[in-house]
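S.K.: One structure, as structure tokens, below. Some questions next.
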Amino acid sequence: MSSCIFCAIVAGTAPGRIVYSDDDVVGFLDIRPITRGHTLLVPRVHSSGLDDLDPSLGAALFAAGQRVGSAMRSGPMAADGVNLALNDGRAAFQTVLHTHLHVVPRRDGDKLSFAKGLVVRRDPNPDETADLVRASLEATG
């Protein structure tokens with residue numbers, strides 16, 4: 001879809017800090033992260049939501065989420081937990097109408113900083129964060 005920013009990131013025609021890539025899914029840092037390392041996973045093939053998402057791509061999307069989330073916990077990022085979230089439709093706060101899975105690393109006792117992240121939504125050093133997420137994925141194979 002030509003007007004979809006996520007399709008453009010997948011195609012390499014729009015900037016994105018890519019941290020994950022396989023045959024079906026691309027992962028990149030959210031430009032408005034709730035926590036450091038907040039990653040978006042998107043299917044390479046455009047779908048606007050769950051209604052038009054091929055079930056096999058949905059499975060690949062969640063498998064990638066499991067891999068990225070596990071890497072964030074066991075690799076150098078050393079997260080204590082991970083939220084996986086998929087917002088489906090504007091009423092569910094989906095702001096880009098290309099199916100995407102949020103992988104949000106969490107820390108024990110981070111409720112206050114997590115709440116602040118919902119408001120502030122910025123990473124002071126996204127290049128360093130992208131390197132950290134990639135290193136976490138490389139460390140876990």
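Just so you know, all these numbers are worked out from the coordinates, no wet-lab data involved. Keep in mind that what you see is a predicted model, and the values were worked out from it rather than measured. Glycine also receives a Cβ, built like all others from the backbone with ideal geometry; neighbour counts cover every protein chain displayed.
S.K.: Can you pull out the residues in the stretch 90-141 that are on the phi > 0 side of the Ramachandran plot and without any contact (Cβ under 8 Å) to a residue 12 or more places away in the chain?
M.R.: Phe93, Gly109, Gly141
S.K.: Also, quick follow-up: Output the qualifying pairs, or none if there are none: Cβ atoms under 7 angstrom, residues six or more apart or on different chains, first residue in the stretch 35-49 and under 25 Å from Ala115 (Cα atoms), second residue surrounded by fewer than 17 Cβ atoms within 10 Å (Cβ to Cβ).
M.R.: Close Cβ pairs (under 7 Å, with a partner that is surrounded by fewer than 17 Cβ atoms within 10 Å (Cβ to Cβ)) amount to Thr35/Phe114.
S.K.: Looking at Ala78, Ala85 in this structure, which one is surrounded by fewer than 18 Cβ atoms within 10 Å (Cβ to Cβ) and under 11 Å from the mean Cα position of the chain (by Cα)?
M.R.: Going through Ala78, Ala85 in turn, the sole match is Ala85.
S.K.: Would you mention how many residues in the stretch 54-75 are among the hydrophobic types (A, V, I, L, M, F, W, C), out of contact with any Gly (no Cβ under 7 Å at 6 or more places or on another chain) and buried (at least 20 other Cβ atoms within 10 Å of the Cβ)?
M.R.: Number of matching residues: 2.
S.K.: Output the residues belonging to the stretch 98-120 that are among the small types (Gly, Ala, Ser) and either in contact with a His (Cβ under 6 Å, 6 or more places away or on another chain) or within 18 Å of Leu132 (Cβ to Cβ) (or both).
M.R.: Ser113, Gly117
S.K.: Return a yes/no flag: does the stretch 12-23 have any residue that is surrounded by fewer than 14 Cβ atoms within 10 Å (Cβ to Cβ) and of a type in the set (Val, Ile, Thr).
M.R.: Yes, the stretch 12-23 contains at least one residue that is surrounded by fewer than 14 Cβ atoms within 10 Å (Cβ to Cβ) and of a type in the set (Val, Ile, Thr).
S.K.: Among what's in the stretch 114-139 and is surrounded by 15 or more Cβ atoms within 10 Å (Cβ to Cβ) and among the polar types (S, T, N, Q), pick the residue that is nearest to Gly75 (Cα to Cα).
M.R.: Ser136
S.K.: Please specify each residue of the stretch 111-138 satisfying the condition of being aliphatic (A, V, I, L, M) and either assigned to a loop (DSSP other than H, G, I, E, B) or more than 17 Å from Ile18 (Cα to Cα) (or both).
M.R.: Across the stretch 111-138, the qualifying residues are Leu112, Ala115, Leu118, Val119, Val120.
S.K.: Another question about this same structure. So which residues in the stretch 88-110 are of a type in the set (S, T, N, Q) and either surrounded by 14 or more Cβ atoms within 10 Å (Cβ to Cβ) or part of a helix (DSSP H, G or I) (or both)?
M.R.: Result: Gln94, Thr99.
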